[in-house]
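> Sharing a structure here in structure tokens format.
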Amino acid sequence: THANQWFERTLDDSAIRRIILPEGFLAVDVVLNLLQNIADGMVVWPRVVEKHVMDELPFMATEVILMECVKAGGDRQELHEAIRVHSMDAGKIVKSEGKPNDLLERIAADPLFASVHSKLESLVDPKLFVGRSMEQVDEFLADCIVPVLEKEKDLLEVEQVDGVNV
């Protein structure tokens with residue numbers, strides 16, 4: 001106790017500790033209430049998510065396309081510059097004109113990428129770009145979230161009486 005009371009009633013400790021610590025907890029409470037209010041009722045539309053992923057996937061797949069062409073004997077520098085030009089042009093069309101992403105069509109029409117033309121669709125499979133994320137989410141939920149939810153299930157049934165509406 002002597003160590004805990006060392007700064008008691010000094011300017012270094014008492015006033016600041018009595019004000020800042022409780023205000024910090026109150027601020028966190030308000031932030032969590034806001035987060036709950038914002039997220040409550042949120043709906044994830046899988047088709048909309050899929051559309052956005054498929055719109056951006058060609059840009060994400062450029063490294064895979066580049067490496068496949070290099071494996072087939074292509075010049076990495078030349079291929080990199082061609083992909084950069086095609087990507088910039090496709091991005092400009094998407095951003096300035098609102099047209100769909102045509103990067104894959106540009107690559108398919110470029111003879112420099114002939115070695116991957118036949119397998120271009122398989123190189124842009126979204127499953128190639130998620131790694132272990134699905135397994136990691138399942139493991140995290142099973143190991144960390146579900147045990148806490150089961151332990152605190154009584155608290156989850158308590159009706160909230162305070163709130164901040166946004």
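The values are calculated or read from the model by the stated rules, or taken from the named source; none is laboratory data. Just so it is clear, the model here is predicted, and its values are computed rather than measured. A quick note on method: Cβ atoms are made from the backbone with ideal geometry, for glycine too, and the neighbour counts reach across all protein chains shown. The accessibility values were calculated without ligands, DNA or RNA, using every heavy atom of the protein model including side chains. Shrake-Rupley method; radii C 1.70, N 1.55, O 1.52, S 1.80 Å.
> Just one of the numbered conditions (1) under 30 Å from Lys127 (Cα atoms); (2) open to solvent by less than 70 Å² (accessible area, probe 1.4 Å); (3) at pLDDT below 90 is not true of Pro22; which one?
For Pro22, the exception is condition (1).
> If you take the residues in the stretch 77-131 that are closer than 15 Å to Met67 by Cβ and among the small types (Gly, Ala, Ser), which one is least open to solvent (accessible area, probe 1.4 Å)?
The residue in question is Ala82.
> Would you list the helices (runs of 4 or more DSSP H) that sit entirely within the stretch 52-166 and hold 3 or more residues that are basic (Lys, Arg)? Let's see the steps before the verdict.
On the way: elements: 62-71, 76-97, 103-109, 120-123, 133-140, 146-151, 153-156.
In the stretch 52-166, the matching helices (runs of 4 or more DSSP H) lie at 76-97.
> Regarding the stretch 62-72, can at least one residue be identified that is out of contact with any Asp or Glu (no Cβ under 8 Å at 6 or more places or on another chain), surrounded by 11 or more Cβ atoms within 10 Å (Cβ to Cβ), farther than 27 Å from Gly131 by Cβ and aliphatic (A, V, I, L, M)?
No: the stretch 62-72 contains no residue that is out of contact with any Asp or Glu (no Cβ under 8 Å at 6 or more places or on another chain), surrounded by 11 or more Cβ atoms within 10 Å (Cβ to Cβ), farther than 27 Å from Gly131 by Cβ and aliphatic (A, V, I, L, M).
> Sticking with this one: Given the criteria in contact with a Gly (Cβ under 9 Å, 6 or more places away or on another chain) and either assigned to a helix (DSSP H, G or I) or modelled with pLDDT under 95 (or both), does Asn37 qualify?
Yes.
For every residue, the table says whether it meets (1) of a type in the set (S, T, N, Q); (2) modelled with pLDDT under 90; (3) farther than 28 Å from Pro126 by Cβ.
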site: Phe7; (1), (2), (3): no, yes, yes
site: Val28; (1), (2), (3): no, no, yes
site: Val48; (1), (2), (3): no, no, no
site: Ile65; (1), (2), (3): no, no, no
site: Cys69; (1), (2), (3): no, no, no
site: Arg106; (1), (2), (3): no, no, no
